[in-house]
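Participant: Quick one: this structure, given as structure tokens, is what I'll be asking you about.
The values are calculated or read from the model by the stated rules, or taken from the named source; none is laboratory data. Keep in mind it's a predicted model, so treat the numbers as computed, not measured. Note that we place each Cβ from the backbone using ideal geometry, even for glycine, and neighbour counts take in every protein chain shown. The accessibility values were calculated without ligands, DNA or RNA, using every heavy atom of the protein model including side chains. Shrake-Rupley method; radii C 1.70, N 1.55, O 1.52, S 1.80 Å.
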Amino acid sequence: MSQIRLSTKISATNESVSVVTGKVAYSEEDIRNKLLNLDQDVYAVQAESAPGVCLGEDLIDTNSGTKMALLAHVMPMQVGQFGDQEFMRCYGLNMAYMTGAMANGIASEELVIAAGKAGLLGSFGAAGLVPSRIEEAINKIQQALPKGPYAFNLIHSPSEDAIERGAVEMFLKHGVTTVEASAFLGLTPNIVRYRVAGLRRNAQNQIVITNRVIAKISRTEVASKFMAPAPDTILQKLFQEGSITEEQAKLAAHVPMADDITVEADSGGHTDNRPLVSLLPAILTLTEKFQRKYGYAKSIRVGAAGGISTPSSALGAFMMGAAYVVTGSVNQSCIEAAASKHSKNLLAQAEITDVTMAPAADMFEMGVELQVLKRGTMFPMRAKKLYELYKNYESIEEIPQQERLKLEQQVFHNSLDEIWRLTEEHFNARDPHQIERAKDHPKRKMALIFRWYLGLSSRWSNLGEEGREADYQIWAGPAMGAFNNWVKASYLEEVCNRKTVEVAWHIMSGAAYLYRLRLLQIEGVRLPPACEVYTPQPFSN
């Protein structure tokens with residue numbers, strides 16, 4: 001039987017309490033069970049040489065119990081106490097927790113609805129979807145969550161401005177009042193229009209922000225743009241074309257472009273692989289600078305994403321000052337995610353090191369990369385080969401015949417001429433301007449052909465395309481491996497048991513559990529090593 005180890009600092013206390021006889025926990029298992037009562041005060045006590053742990057309900061006022069020295073005391077800790085209370089009030093949440101958008105609808109309607117019904121903020125993965133599919137999702141989510149909470153992803157599309165613009169028009173049309181803006185390198189008229197078109201004054205002459213923006217960033221220079229008011233040049237252009245009113249253009253000078261800034265560290269998909277412990281404090285400091293400069297009525301809140309997948313990582317983010325936490329990779333392996341069974345199984349086997357960077361379909365020509373799973377798929381290697389060919393040659397015709405044959409046989413499974421025909425069909429339906437731009441530019445044509453593979457590889461992964469398993473593009477960060485290590489030997493090790501809300505609850509409950517452990521440690525109480533582990537237990541039906 002392991003017992004608590006105490007520092008000499010604690011042993012000199014003169015306080016004492018009366019405990020119901022037999023209610024003090026001494027073994028690792030009993031101590032853990034006591035600490036799991038998050039709604040109860042926890043007391044570390046000692047009688048002679050035997051230290052232990054009891055709850056507030058175990059104490060009595062009379063002398064009929066066992067008199068014990070009080071070593072330390074920690075208050076109850078509920079999951080709703082973490083983070084920024086204004087963030088939760090603003091979006092109507094029970095926890096300062098958000099499930100981030102995963103493109104191509106991987107962050108599905110079912111995932112967003114499940115999160116919303118539990119009082120969590122879920123963001124639908126609208127990026128990469130055609131307008132009709134996005135509209136279908138809006139209708140379904142709004143019907144299930146008429147009062148929210150929910151968000152829709154608005155991804156920056158430098159190569160397809162029409163797609164970004166169309167998404168904004170649809171969000172405004174259907175009254176989508178929260179977007180998660182991601183992959184932006186700077187402000188565009190589209191995101192500014194969405195933000196400013198929702199500004200008005202109420203009866204008290206206060207500025208009301210109808211359209212909320214949660215900006216996901218990983219660079220201070222981009223964060224600065226979202227922390228400042230909208231640029232006058234863009235505002236004037238939008239006013240002149242009738243997209244916003246004169247009053248809205250004036251009101252825009254008094255509000256930041258974003259209500260919330262999500263600091264995206266080493267995450268799946270688009271990422272700069274930044275360490276959260278360095279990036280989050282820098283963005284928090286930057287936020288204070290902009291608040292002093294502009295004196296906003298409501299301060300910008302800063303959340304943390306990238307690497308959040310365990311109680312320890314969530315607790316670390318909150319202790320550094322995060323207003324909320326955002327999970328991504330782990331949700332992709334949950335049953336509500338629109339990913340194939342094969343992809344989910346690969347994700348559930350991933351270790352921390354089983355990820356790598358590969359070219360991104362939406363920013364291929366710019367050399368932008370995203371983080372993907374490398375275990376069980378050839379996609380990263382093949383995608384990097386395509387970008388290498390794009391850099392080295394000016395057209396498809398310049399590629400050596402032997403290399404071209406390899407591409408057609410191993411990667412595209414078809415002739416490049418046929419792939420170009422399919423590419424034309426795709427963009428003529430989605431964004432005809434892309435085909436126009438490529439007509440007299442062979443290198444652009446080559447980029448579109450290569451983007452055919454990069455774009456479809458993620459869809460093959462989602463749909464479980466048979467025969468294409470080696471080409472599955474599965475977005476994931478190291479957080480996926482950390483999650484798998486944490487839940488090993490628990491009921492969440494099996495993919496069929498991974499429900500988004502249960503994962504969220506265990507991450508946050510585990511963070512609360514560990515927080516109280518840390519408080520006891522600060523008071524000099526040292527618990528058995530086994531108490532450091534919060535093991536998820538199945539929800540009772």
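Participant: For the stretch 455-472, what does the Karplus curve 6.51 cos²θ - 1.76 cosθ + 1.60, with θ = phi - 60°, yield as ³J(HN,Hα) per residue in whole Hz, taken in order and with x for Gly and Pro?
Facilitator: Ordered by residue, 3J(HN,Hα) equals x, 6, 4, 6, 5, 4, 5, 5, 7, x, 4, 5, x, 10, 4, 5, 10, 4 Hz.
Participant: How many nm is it between the label spots at ASP232 and VAL20, if each spot is 7 Å from the Cα in line with the beta carbon?
Facilitator: Computed distance between label sites ASP232 and VAL20 equals 7.1 nm.
Participant: Quick one: what are the phi-derived ³J(HN,Hα) couplings along the stretch 24-33, Karplus 6.51/-1.76/1.60 with θ = phi - 60°, whole Hz, x for glycine and proline?
Facilitator: Once θ is set to phi - 60°, the couplings for the stretch 24-33 become 8, 8, 10, 7, 4, 5, 5, 5, 4, 5 Hz.
Participant: Same structure again: Mind checking which aspartates and glutamates have their Cα closer than 15 Å to the Cα of LYS117? Skip sequence neighbours fewer than 8 apart in that chain.
Facilitator: Hits, sequence-local ones excluded: GLU109, GLU336, GLU502.
Participant: Set the bar at 18 Å for Cα to Cα. Now go through LYS173/LYS250; LYS140/LYS173; LYS384/LYS406 and name every pair that lies beyond it.
Facilitator: LYS173/LYS250
Participant: Tell me, Kirkwood radius of the chain from alpha-carbon pair distances, in Å?
Facilitator: Mean inverse Cα-Cα distance, inverted, gives 25.3 Å.
Participant: A further question follows. From the phi angles alone, apply the Karplus equation (6.51, -1.76, 1.60; θ = phi - 60°) to the stretch 255-267 and give each ³J(HN,Hα) in whole Hz, x where the residue is Gly or Pro.
Facilitator: So the J values, rounded to whole Hz, are 10, x, 5, 10, 6, 9, 10, 8, 7, 9, 8, 7, 10.
Participant: Going Cα to Cα from LYS488, which lysines come in below 17 Å? Please leave out same-chain ones fewer than 8 positions away.
Facilitator: By straight Cα distance, LYS488 reaches LYS344, LYS499.
Participant: Roll a 1.4 angstrom probe over the protein heavy atoms and tell me the percent of accessible area of the stretch 26-99 that is carbon or sulfur.
Facilitator: Heavy-atom surface of the stretch 26-99 belonging to carbon and sulfur, 1.4 Å probe: 44 percent.
Participant: Also, quick follow-up: Just from its helices, what would the mean residue ellipticity at 222 nm be for the chain, if runs of 4 or more DSSP H residues each count -39500 (n - 2.57) and the sum is divided by every residue, rounded to the nearest 500 deg cm²/dmol?
Facilitator: Calculated at 222 nm, the ellipticity per residue is -12500 deg cm²/dmol.
Participant: So what is the relative contact order of the chain, in percent, for Cα pairs below 8 Å that sit 6 or more residues apart?
Facilitator: 16
Participant: So, R0 is 60 Å and r is the distance between the beta-carbons of ASP39 and LYS443; what FRET efficiency does that work out to, to 0.05?
Facilitator: Efficiency, rounded to the nearest 0.05: 0.45.
Participant: Kindly rank 17-24, 236-243 from highest to lowest mean number of other beta carbons found within 10 Å of each residue.
Facilitator: The packing order, highest mean first, is 17-24, 236-243.
Participant: By how many nm would the segment from ASP161 to LYS384 grow when fully extended, if each residue of separation counts as 0.36 nm and the alpha-carbon distance is taken off?
Facilitator: Gain on extension, ASP161 to LYS384, equals 77.8 nm.
Participant: In whole Å, how far is the Cα centre of the stretch 75-111 from that of the stretch 339-380?
Facilitator: The two parts, judged by their Cα centres, are 26 Å apart.
Participant: For LEU172 and LYS289 in one chain, what is 0.36 nm times their gap in residues minus the Cα-Cα distance, to one decimal in nm?
Facilitator: Full extension from LEU172 to LYS289 adds 39.0 nm.
Participant: Packing-wise, with mean Cβ within 10 Å as the measure, how do 94-103, 391-400, 373-382 rank, highest first?
Facilitator: Peptide ranking by packing, descending: 94-103, 373-382, 391-400.
Participant: Over the stretch 401-541, what percent of the accessible surface lies on carbon and sulfur atoms, probe 1.4 Å?
Facilitator: 49
Participant: At 25 °C and a viscosity of 0.890 mPa s, what translational diffusion coefficient does Stokes-Einstein give for the stretch 428-541, taking Rh as the Kirkwood radius over Cα pairs? Give it in µm²/s as a whole number.
Facilitator: The diffusion coefficient I find is 131 µm²/s.
Participant: What does the accessible area per residue of the stretch 219-307 come to in Å², with a 1.4 Å probe and no ligands, DNA or RNA counted?
Facilitator: Heavy-atom SASA per residue in the stretch 219-307 reads 46 Å².
Participant: Suppose R0 equals 51 Å; then what is the FRET efficiency for THR62 and GLU532 from their Cβ-Cβ distance, rounded to the nearest 0.05?
Facilitator: For THR62 and GLU532, the calculated efficiency is 0.90.
Participant: Quick one: which residues, 5+ away or cross-chain, put their amide H under 5 Å from the amide H of LEU71? H built at 1.01 Å from N.
Facilitator: Result for LEU71 returns ALA44, VAL45, GLN46.
Participant: In addition: Need the C-alpha centroid separation for the stretch 218-277 versus the stretch 168-215, integer Å.
Facilitator: 10
Participant: Can you give the accessible area per residue of the stretch 92-205, in Å², using a 1.4 Å probe?
Facilitator: 33
Participant: Same structure again: Using a 1.4 angstrom probe on the protein heavy atoms only, line up HIS174, HIS433, HIS342 by accessible area, largest first.
Facilitator: In descending accessible area the options line up as HIS433, HIS342, HIS174.
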